[in-house]
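Below is one structure, written out as C-alpha cells; comments come after it.
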Amino acid sequence: MTQPSFVPVVEADQVRRAYQLHVPSIWTTSRPSELRGTRAPSGAFLGTPGPDQGFALKLARRFEDRLVLGPGEHAEDAISGCTAVAMRRSASYGRAPVIHDLTLAFTLWGFLPGAPADLVEAREPLFRSASHHYQVQRAIADCVPESTLRLRPEQVALRLDEWRMLVAIPAHH
C-alpha cells in the first residue's frame with residue numbers, strides 16, 4: 001500500500017530502491033582452474049575424478065583388522081595408499097568405489113595374507129608416510145598400470161607371485 005504524500009516518513013522507513021545486480025559479461029575460460037576441452041587433464045599426481053570416492057575410505061576400514069603389516073609399517077599408511085588405488089580403479093570405470101576395488105588394492109600390495117616376502121620388502125619405502133602425504137598416495141596409485149586395474153581381485157591373488165608384472169615401482173624407491 002502506498003504512503004500518502006502528506007504523512008511524514010522517517011528516513012529508515014522510506015522505501016528503498018531494490019538492489020540491482022549488474023548484467024554479467026560474456027563467460028570465458030580465463031580462470032586458472034577452468035578446464036579446457038572435453039576431458040579432465042590427466043597425468044602424474046593429478047588423480048582420477050570419480051563419483052562418491054570418499055566411500056572408499058569407509059570400505060577400507062573393513063580391512064583394518066585383517067591387514068598383514070611388516071616391521072615399521074602402519075595400518076593408516078596401508079589404508080591411505082590402497083584407498084588411492086581403489087579410487088583410481090573405480091573412477092576408471094566411471095562409478096563409485098565398491099569392496100572389490102579395495103580387495104584388489106590390498107591384495108596387489110600384499111597387505112592381505114599370503115603376500116610374497118619380496119613384495120612386502122619392496123612396498124615398505126613406497127608406503128612410508130602415505131597417510132600424511134597426498135603426493136605419496138598419488139605415487140602409489142600411479143604405480144598400478146591400467147591393465148592391472150582391469151583385473152579381478154581373484155586374478156591378482158593368483159598372479160601375486162609375479163607381482164613385478166602387476167606394478168611399476170619407480171627405481172628411486
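One table, with the values for the structure above:
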read-out	value
Within the range 153-168, considering residues that are under 24 Å from the mean Cα position of the chain (by Cα) and in a loop (DSSP other than H, G, I, E, B), the one modelled with the lowest pLDDT	ALA168
Test: residue in the range 54-71 that is among the aromatic types (Phe, Trp, Tyr), buried (at least 24 other Cβ atoms within 10 Å of the Cβ), within 21 Å of LEU160 (Cα to Cα) and at pLDDT 95 or above	no
Hits in the range 12-33 - residues which are of a type in the set (Lys, Arg) and modelled with pLDDT of 75 or more	ARG31
Residue in the range 99-117 that is more than 20 Å from ARG66 (Cβ to Cβ) and surrounded by fewer than 17 Cβ atoms within 10 Å (Cβ to Cβ) present	no
Matching helices (runs of 4 or more DSSP H) fully within the range 95-142 where at least 1 residues are within 13 Å of the chain's Cα centre (by Cα)	99-108, 134-142
Every pair of residues 6+ apart whose Cβ atoms lie under 6 Å, when the first sits in the range 39-67 and is acidic (Asp, Glu) while the second is outside any helix (DSSP H, G or I)	ASP52/ALA96
Among the residues listed as LEU21, LEU57, the single one being part of a loop (DSSP other than H, G, I, E, B), on the phi < 0 side of the Ramachandran plot and among the aliphatic types (A, V, I, L, M)	LEU21
Residue within the range 77-90 that is exposed (fewer than 15 other Cβ atoms within 10 Å of the Cβ) and either out of contact with any strand residue (DSSP E or B) (no Cβ under 6 Å at 6 or more places or on another chain) or hydroxyl-bearing (Ser, Thr, Tyr) (or both) present	no
Residue match in the range 34-46 (condition: at pLDDT 85 or above, closer than 23 Å to TYR134 by Cβ, in contact with a helix residue (DSSP H, G or I) (Cβ under 8 Å, 6 or more places away or on another chain) and in a loop (DSSP other than H, G, I, E, B))	no
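The values are calculated or read from the model by the stated rules, or taken from the named source; none is laboratory data. All values derive from a computational prediction rather than experimental measurement. With ideal geometry, Cβ positions are generated from the backbone for all residues, glycine too; neighbour counts draw on all protein chains shown.
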